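For reference, the structure discussed in these notes is given below.
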Amino acid sequence: MSIVKRNNLIFPTLMNEIFKPDWFGGIENFTNVFPAVNIRENEKDFELELAAPGRNKENFNIEIDHEVLTVSYEVKEVESEKEKNYTRREFTYSTFKRSFTLPETVDSERIDAKYVDGVLKLTLPKKEEALPKPKRLIDLS
């Protein structure tokens, strides 16, 4: 806790309390709320990688609604332990949600998703008409 000395008295400062690193459960918990994303465009598709280490793939939900791709994750765990008339409960709740507006060039019917080594990888193929056309010669008549 940060302190300020005034008239030989020591006071914690409100601003330092608000902005201390463990606000919202620590910066590491804050990044879990909004997982980091890499998006790369290739010739034939887009690749979206979402960092989500330590998750179970069964708890992911990936949906498309009106050309908006939404990736969400939710897990709730309740653990109880009884010991000498004492009950202890520990709750775990983990959730996040990210949404992306798909470009018109994406073929939303062929999107593929895999969860490998803590990274959710989505392949967003481009529509056939959006793919680059090969070079060709035009005959002169």
What is the residue count in the stretch 34-52 for residues that are in contact (Cβ under 8 Å) with a residue 60 or more places away in the chain, more than 15 Å from residue 62 (Cβ to Cβ) and assigned to a loop (DSSP other than H, G, I, E, B)? 3
Can you tell me which condition residue 73 does not meet? The list is (1) loosely packed, with under 10 Cβ neighbours inside 10 Å; (2) at pLDDT 90 or above, and all the others hold. (1)
Looking for something at pLDDT below 85 and loosely packed, with under 14 Cβ neighbours inside 10 Å - is there at least one such residue anywhere in the stretch 94-115? no
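The values are calculated or read from the model by the stated rules, or taken from the named source; none is laboratory data. Because the structure is a prediction, the values reported are computed rather than measured. FYI the Cβ positions are ideal-geometry reconstructions off the backbone, even for glycines, and counts take in every protein chain you see.
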